[in-house]
1. Give me the percent of Cα-Cα pairs in the stretch 220-318 that sit more than 21 Å apart, rounded to a whole number.
2. When N counts the residues of the stretch 317-462, how does its alpha-carbon radius of gyration compare numerically with 2.2 N^0.38 Å, as a ratio?
3. Taking amide H positions as placed 1.01 Å from N in the peptide plane, with prolines and chain starts having none, which residues 5 or more places from E234, or on another chain, fall under 5 Å of its amide H?
4. When 1/r is averaged over all different Cα pairs and the result inverted, which Kirkwood radius in Å belongs to the stretch 14-140?
5. Using modelled amide H (1.01 Å from N, peptide plane; none on Pro or chain starts), what sits under 5 Å from the amide H of F200, excluding residues fewer than 5 places away?
6. K44: which lysines have alpha carbons under 20 Å from its alpha carbon, excluding same-chain residues fewer than 8 sequence positions away?
7. Could you work out how much longer the chain between M87 and R374 gets when fully extended? Use 0.36 nm per residue separation minus the Cα distance between them, nm to one decimal.
8. State the extension gain, in nm to one decimal, for the chain segment bounded by F417 and S33, taking 0.36 nm per residue of separation less the distance between their alpha-carbons.
Amino acid sequence: MTWSPPSPVPEAPTTFPEPRADPTGDSLRTSGSIQGNIIAGFSKDFQSLLFLQVQGRAGGLDWLAELRPRVATTAQVATFNRQFSEMLRTSGSDPQHLAGVWVNVSFTAEGLELLAPRLRASLQVEGIDDGVQLFTSGARAQAEQLGDIGRSSPDHWVFGRDGQHIHLVVTVAADRSEDLAVEVHRQRELAARHNLLMVFEQPGATLPGPHKGQEHFGFKDGISQPGVRGYDPESQDHPGEVEGKPGTKLIAAGEFLLGYPRHNGGKRNIPEWMFDGSFLVIRRLAQDVPAWWAQVEHAYLQLPQAVREELSADAFAARFVGRWRSGTPVDKAPRTDVRGGRRRSEDNDFDFETDPSGDRCPRFAHIRKVYPRRTSPVGVEGSNLHRILRRGIPFGPTFDPTAGRGHGIDSERGLVFACYQSSLSDQFQFLQQSCVNNTNFPDSDDGPDPVIGVDGPVTLHI
């Protein structure tokens, strides 16, 4: 739970309050009560996630009081990001002299119980939102439903496994690696001073050079982010979409921030102290690069010779993701990447409506599984009720055995998946359980997501 605790801590509520008014324009950009990285993404090249355990309530509260001035707000991050973008457009390259360091803090249910037991008790009342119930039950209780079994079961987790108590997660992000190191050292000292135990530290960084913006399999990542109403400007020519980003839908702030109306106008039953907060999901997704590509190549070679003459190996791999490595959607370019003829701002300007059978983009493709757009069985508006704000970053060195030790199979690499939402049940869990791992979504016998789903058959339309 990412939330800025008030001082003093309020009493637990007895009724559920009505949400605030739906924000308009860009009013959320000036918020000093919403933490940075929820709707104003940190967008830094270097990050570390620090998983902390509180040894005593008094020390934990003192730690929190000392940390608070360093926690970034939406207003601070939004202002910085706007300046950075303007300078980038002007110069054509990253402005080296404009650099920042951001900090964000989140609480587990166990941490909330220790630091604010009255607030934790307020989450046990009858009628509270289903997503809150998932938060209080904890990640381990949901593991099997999410497909976290076998080698991915909680027994093998590097953080959050049985007996490893995590109360807080601090996200530190910076434009420069040396600045990140300074802030992480400061956080270690702060934790030690108040007797907090550093249970685990997960570093992450954007991939260097020509791989920047890609994940380890080599595909451009982080393209299909929703816009947030009240934060992102609305297009004058295409109402309901973000200005300058055709096809990028504006979703109600209440799908990502607690205390605001949902995209369908509904409300979530939550206590008022949770307003302006959000639920954070963190997953450490290992990526076996040579094995994944070997499986893709093996599947490609099983195709009839006539099909392989028409469909290249790269086109075949792109259909598993739903995009070419460059980010071009296969819905717009099913046979050949047309990156040179497309602007990146148009990479979401498609909706699968004219491809219901998955001839251009298979229905099991990763991007279609997690966001089926107009072909969703629940309709486009139903699809918009399950969006998330992703804030992930790669970890580990780029796979390049020719670069020497540490760049081959002798190193771990993958993606630190992180996302924000107002409901764990309606958003992250729904996507993982009902879409990614569901072999009958969006239609019968489509198979699981071939990138992040559990093992199972897929049906490829050629």
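1. Details: 2943 of 4851 pairs.
When every Cα pair of the stretch 220-318 is considered, 61 percent fall beyond 21 Å.
2. Values: Rg = 16.4 Å, N = 146, 2.2 N^0.38 = 14.6 Å.
It is 1.12.
3. Amide H neighbours of E234, under 5 Å, 5+ apart: E243.
4. On the way: mean 1/r = 0.0567 Å⁻¹.
After inverting the mean inverse Cα-Cα distance, the result is 17.6 Å.
5. Distant-sequence amide H within range of F200: F51.
6. Cα-Cα hits under 20 Å: K212, K220.
7. Working: separation 287, 0.36 × 287 = 103.32 nm, distance 3.63 nm.
Going from the current span to full extension adds 99.7 nm.
8. Separation in residues times 0.36 nm, less the Cα-Cα distance, equals 135.8 nm.
The values are calculated or read from the model by the stated rules, or taken from the named source; none is laboratory data. Please read all numbers here as calculations on a predicted model, not as lab measurements. We place every Cβ from the backbone using ideal geometry, glycine too, and count neighbours over all the protein chains shown. Just the protein is used for accessible areas: all its heavy atoms, side chains included, with ligands, DNA and RNA removed. Shrake-Rupley method; radii C 1.70, N 1.55, O 1.52, S 1.80 Å.
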